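Student: Pasting a structure below so you can have a look.
The values are calculated or read from the model by the stated rules, or taken from the named source; none is laboratory data. Everything numeric here is computed off the predicted structure, so don't read it as measured data. Here the Cβ is made from the backbone with ideal geometry for all residues, glycine too, and neighbour counts use every protein chain on show.
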Amino acid sequence: MTDTNKMQPLIWFALAGLSIALFLVAGSVPSLNDFPDAWVLSPTDFMNSMMGGFVSIFGPAFKAMGWLLEWPVRWSQALLEFLPWSVTTAIFVFLGLIGSGWKLGLFAGLSMIYMALIGYWDESMNSLAIVLISVPMAVTTGFIFGVMGFYSNRARKIIVPILDLLQTIPAFAYLLPILILFGFGTTVGLVASILYAFPPMVRNTILGLRAVPEEIIEAGIMSGATPAQLFWKVRLPAAKKQMLLGLNQTTMAALSMVIIAAVIGGTNDIGWEVLNTMRKAQFGESLLAGFVIALIAMSLDRITHAFATKPKEIVRTGPNYWVIAVLVIAALAALSTVFPFLRKWPEALLWNPAPTMNAALEWVVINGREWIEGIKNAAFFFVMLPIKIGLNKAVSPFTWGFELTPTLTLGYVGLVAAGMFWAAVKGRFTLAAIVMLWGVVSYIGLTEMPWIALFAIFVYAAYVTAGRNLAIGTAIGMAFLIIAGVWPESVLSIYLCGVAVLISFSLGTLIGIWASENNTVSSIVRPIMDTLQTMPLFVILIPFVMVFKIGEFTALLAIIAYAIVPAIRYTEHGLRNLPEHVIEAADTIGCTRRQLLFKVKLPLALPAIMLGLNQTIIYGIGMLVITALVGTNGLGQRIYIGLGNGDFGVGMTAGIGMAVIAMVADRMTQAISRRKQEQFGLVQQHI
Amino acid sequence: MPEGNAPSEQVKLSCRNIWKIYGSQPQQFFDGTKGNVGDAPAARGLAQNIRDSEHIVAAANVSFDVHVGEIFVIMGLSGSGKSTVVRCLSRVVEPTAGEILMDGQDLLKVSKSELIEYRRHKMGMVFQNFGLMPHLNVLDNIAFPLEIQGISLKKRREKAREIIDLVGLQGREASFPSQLSGGQQQRVGIARSLAVEPELWFLDEPFSALDPLIRRQMQDEFLRLQRELNKSIVFITHDFLEALRIADRMAIMRDGEVVQIGRPVDLILNPANDYVKDFTNDVPSEMVLTAGDIANASRPLTPEMGHISADISLATLLPYLADNEAGIMVRDGNGNDLGAITARDVVKALATNAPEGAGA
């Protein structure tokens, strides 16, 4: 490593120099700046013809399967449509009550009543019906693969990379091949949600079965258990808790995918309602429908989580709620045949605050126009544009109020040089080199950077953080993006996600530090984070698109709102769960609170914080794709276009591109975290 | 120990030349030898040979007999192979070579299903960290081995209730393991292992995870249970004093090999080597020396003196002597009087056995 360490500043300098050189000669040799179109070998036609061939052979089989799968969905939709609202509500109330207590019962009940009250009952039930079918299927699939992965190392070596892939490919990209294979209909949502939701079940099954202590297994063997008994009576019950947590995650993933699947349209469900109203700029309706999704998500999350973590009762205290539940539900079912208002929510009781909300929003937008525009423009002109197209182009009388004169450019160069000089004086040559590189990239702009230079920078960064293998992987991945002709879109995605991640991470880390030092802050932040995390992705878009309309800034805010959660969470968790004896030792030595934080806690929590960065990036990329709905131009948009036109090649190329970026970023940040952890001899922390 | 039923001479379990080797090809070292590779130096040579060829020797040429009703202790530090050996006895860990004879039947030759029958009816095991089923309450944990046998719910719960009384867990039937203290959990573990009324009882460091006070109490209860049940026991421990307290006979293990086998007193009086001696150095003399060792033939015997057997430890004798100045008579197994002991004799014996520098 010493050799590479010595070389590092030199190579960074060289990369900065390369960028300048290529940028300067780009005027005369454009191919050095932009990858020439003539060299692009787009795989889209190839992919389409492959897919076409596949469909012509296997299409009927998939169509038949789709036809089969549609039946259970129809039945469950028919069932939920048939059940009186009072009965369904009662079922949820009792599930909450038995799982956790009257608070959750009340919450679940009020959520259901809200759906009826607002007039979205049927749409909600249609979404719920798909979840109801996809969860058992995903759980079964996940369980089978999990058990296989547990018993066979070879199976695990095949299964785990597939899970990694399924979980890094953006949700949108799933829909496309499924749409092509199965054709329009509810089946697409069902299949997509099964595919998206079964990986957590596999992971939790393997994790749970592995975590059963050896002595418990031996106790089973010594009791004379046959291999089958050992599995069903020992391993499985002992792993139950972890697997129920898997069920919780699977349910949430299934719901979120069912909602996302609404983009293909044609289904009368709540996701479609949100999307449709959002497109028509009916933000009141959109928000009301979005709220339904959030409530369904929170209820399902709390209920499944409650059952997963329910402590064992020694002796049942109080009444048997299952019996009461059955009695009450039967009574309601009977009564609803007599009283129609118990079966169908009466029209007279419908409440539609959407027009009022729209009016209020209009008032805010009109009266707050200056403010809103001001914030938007400031962020756009002073932060986003410079990173996107560089100070070189971003600074103009229109945006900054003045021209970027040669004198000013010289001043900028001087500023960067001063920074380099300061770092060099401190003996930190790598830092000096990175300052220079930063200065160059800021001047040229990420999207205007010569492709060769950017390619080299990414590959070298991968090499420095994670070693040769990742550098090779990065090179191959980036080469694919360049040759497939989606490089400009990729850079746009990297730019938007990068800005969002930078802001989320810095802001989130600060809030996380604050929350770790202050219990009040922690107790305020926690429920907000829980809510944001259970919220299906495109519900988060709604409030931002309401105020700031469509565009990059709205996308940025939505990504930040979602991606800031892990940054806060991991920082706080890392700072609060340090080894007790180290803190005690520092206290005994006489650290002040500030010293304790900066000299002890933060350095030790660094691996956890870096893991938070990793999750921030993954969350950011997940949301980035969804923001294509509000008009960002990047890979997400290409996926969306592919989906809209049923163009498998276009969508898939972009989807793979997104996965490449996600995986490279993931491996890089994980490598940093792991290195720090090994250095400290800490065990990896999972939340 | 003196208070126990005298173990019989009948061999219950015989462990012959057991080897357990981990590595890529453990079998290659034992072509048809059944593990019997010759005398002790030959075995030691083979063990070294195996280590040199990048295999791990967890147990090397381990042989011992456990008699009916005997508490046989295997004592060794961590990594000495003692836990491996006890697992080999029930084939939870499959031995690489050797023979394990239970009532003359070689367990290594029985089929999988026969082995399951053995485990179901003839063996019970207690684990260091209890190994309780987290999802079952106390009663069902104890009834678990019976459930595995397919015994009806009513019958197995009935049986479990009987055993709950035996280990003093009345009132905790419905608790879950996570709601119990360590001592209570191990009582459940003990009860479970006894549910099938095993003939062979394996205990793998059963008290090591407990606090010292609880440990002591559990040892006493274990001895009480054994007086009642008279099982043939293999007891694993890393605690030499614990071994002394409960063992009829004991084996000391090191690096997978048995260093010495014998009664505790034999080990202390005649340690086979410095390794064994290191353990015995810390043993308080009053626990080891028996009345027979210091009986003073020249003391006058008076009719009102009580009498005790020669193998009682001095530690047991001390409270009696504190109250009886005249002393006590010592009788050997055949009823012959060996002499008498007074408090003064004990003090003298302990003083001479005390470490150097304490003054004689």
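Student: Which numbered condition in (1) facing another protein chain (nearest Cβ under 9 Å); (2) closer than 27 Å to residue B:237 by Cα; (3) modelled with pLDDT under 90 is the only one that residue B:135 fails?
Tutor: Failed condition: (2).
Student: Looking only at residues that are of a type outside the set (A, V, I, L, M, F, W, C) and under 25 Å from residue B:226 (Cβ atoms) in the stretch B:50-80, which one is surrounded by the most Cβ atoms within 10 Å (Cβ to Cβ)?
Tutor: B:70
Student: Can you tell me which residue within the stretch B:86-105, out of those that are among the β-branched types (Val, Ile, Thr) and more than 14 Å from chain A (Cβ to nearest Cβ), is nearest to residue B:61 (Cα to Cα)?
Tutor: B:96
Student: Does residue B:154 qualify as being charged (D, E, K, R), within 19 Å of residue A:224 (Cα to Cα) and more than 13 Å from chain A (Cβ to nearest Cβ)?
Tutor: No; evaluated as a whole, the condition is false for this residue.
Student: Any chance the stretch A:274-288 includes a residue that's within 25 Å of the chain's Cα centre (by Cα), more than 14 Å from chain B (Cβ to nearest Cβ) and under 25 Å from residue A:306 (Cα atoms)?
Tutor: Within the stretch A:274-288, not a single residue is within 25 Å of the chain's Cα centre (by Cα), more than 14 Å from chain B (Cβ to nearest Cβ) and under 25 Å from residue A:306 (Cα atoms).
Student: Just name the residue that is nearest to residue A:230 (Cα to Cα) out of those in the stretch B:164-181 that are more than 14 Å from chain A (Cβ to nearest Cβ) and in a helix (DSSP H, G or I).
Tutor: Looking at residues that are more than 14 Å from chain A (Cβ to nearest Cβ) and in a helix (DSSP H, G or I), I get B:164.
Student: Among the residues of the stretch A:461-502 satisfying the criterion of being in contact with a helix residue (DSSP H, G or I) (Cβ under 6 Å, 6 or more places away or on another chain) and in a loop (DSSP other than H, G, I, E, B), which is surrounded by the most Cβ atoms within 10 Å (Cβ to Cβ)?
Tutor: Checking each candidate, the answer is A:486.
Student: Still on this model: What's the number of the only condition in (1) surrounded by 24 or more Cβ atoms within 10 Å (Cβ to Cβ); (2) over 19 Å from the mean Cα position of the chain (by Cα) that residue A:147 fails to meet?
Tutor: Unmet for residue A:147, out of (1) surrounded by 24 or more Cβ atoms within 10 Å (Cβ to Cβ); (2) over 19 Å from the mean Cα position of the chain (by Cα): (1).
Student: Sticking with this one: Could you pull out the residue among B:94, B:3 that is touching a Leu at 6+ places or on another chain (Cβ under 9 Å), part of a loop (DSSP other than H, G, I, E, B), surrounded by fewer than 21 Cβ atoms within 10 Å (Cβ to Cβ) and at pLDDT 90 or above?
Tutor: The unique qualifying residue is B:94.
Student: Look at residue A:9 and say whether it is crowded, with 16+ Cβ neighbours inside 10 Å, modelled with pLDDT of 80 or more and under 30 Å from residue A:430 (Cβ atoms).
Tutor: The answer is yes for residue A:9.
Student: Do any residues in the stretch A:484-501 that are under 21 Å from residue A:39 (Cβ atoms) have Cβ atoms under 6 Å from those of residues that are of a type in the set (Val, Ile, Thr) and not in a helix (DSSP H, G or I), where the two are at least six apart or on different chains, and which pairs are they?
Tutor: Note: pairs meeting the criteria are A:485/A:40.
Each row is one residue, and each column tells you yes or no for (1) crowded, with 24+ Cβ neighbours inside 10 Å; (2) within 30 Å of residue A:173 (Cα to Cα).
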site: A:194; (1), (2): yes, yes
site: A:199; (1), (2): yes, yes
site: A:203; (1), (2): no, yes
site: A:209; (1), (2): no, no
site: A:213; (1), (2): no, no
site: A:217; (1), (2): no, no
site: A:222; (1), (2): yes, no
site: A:226; (1), (2): no, no
site: A:229; (1), (2): no, no
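Student: Hey, another quick one. Return the residues of the stretch B:106-127 that are more than 7 Å from every other protein chain (Cβ to nearest Cβ), outside any strand (DSSP E or B) and in contact (Cβ under 8 Å) with a residue 40 or more places away in the chain; say none if nothing qualifies.
Tutor: The answer is B:121, B:122.
Student: Could you look through the stretch B:199-224, keep only residues that are assigned to a loop (DSSP other than H, G, I, E, B) and of a type in the set (A, V, I, L, M, F, W, C), and pick out the one that is surrounded by the most Cβ atoms within 10 Å (Cβ to Cβ)?
Tutor: Once the filter is applied, the top-ranked residue is B:207.
Student: Could you please give the count of residues in the stretch B:293-318 that are among the acidic types (Asp, Glu) and either at pLDDT 80 or above or more than 19 Å from residue B:333 (Cβ to Cβ) (or both)?
Tutor: Result for the stretch B:293-318: 1.
Student: Quick check on residue A:614: is it touching an Asp or Glu at 6+ places or on another chain (Cβ under 7 Å) and either surrounded by 24 or more Cβ atoms within 10 Å (Cβ to Cβ) or modelled with pLDDT of 85 or more (or both)?
Tutor: Against the criterion (touching an Asp or Glu at 6+ places or on another chain (Cβ under 7 Å) and either surrounded by 24 or more Cβ atoms within 10 Å (Cβ to Cβ) or modelled with pLDDT of 85 or more (or both)), residue A:614 qualifies.
Student: Restricting attention to the stretch B:188-246, which residues are among the aromatic types (Phe, Trp, Tyr) and either within 14 Å of chain A (Cβ to nearest Cβ) or in contact (Cβ under 8 Å) with a residue 60 or more places away in the chain (or both)?
Tutor: B:201, B:202, B:235, B:240 - these are the residues of the stretch B:188-246 that are among the aromatic types (Phe, Trp, Tyr) and either within 14 Å of chain A (Cβ to nearest Cβ) or in contact (Cβ under 8 Å) with a residue 60 or more places away in the chain (or both).
Student: Need a quick list: helices (runs of 4 or more DSSP H) entirely within the stretch A:338-419 having at least 2 residues that are more than 24 Å from residue A:492 (Cβ to Cβ), at pLDDT below 90 and not β-branched (Val, Ile, Thr).
Tutor: The qualifying helices (runs of 4 or more DSSP H) are A:340-343, A:354-367, A:369-378.
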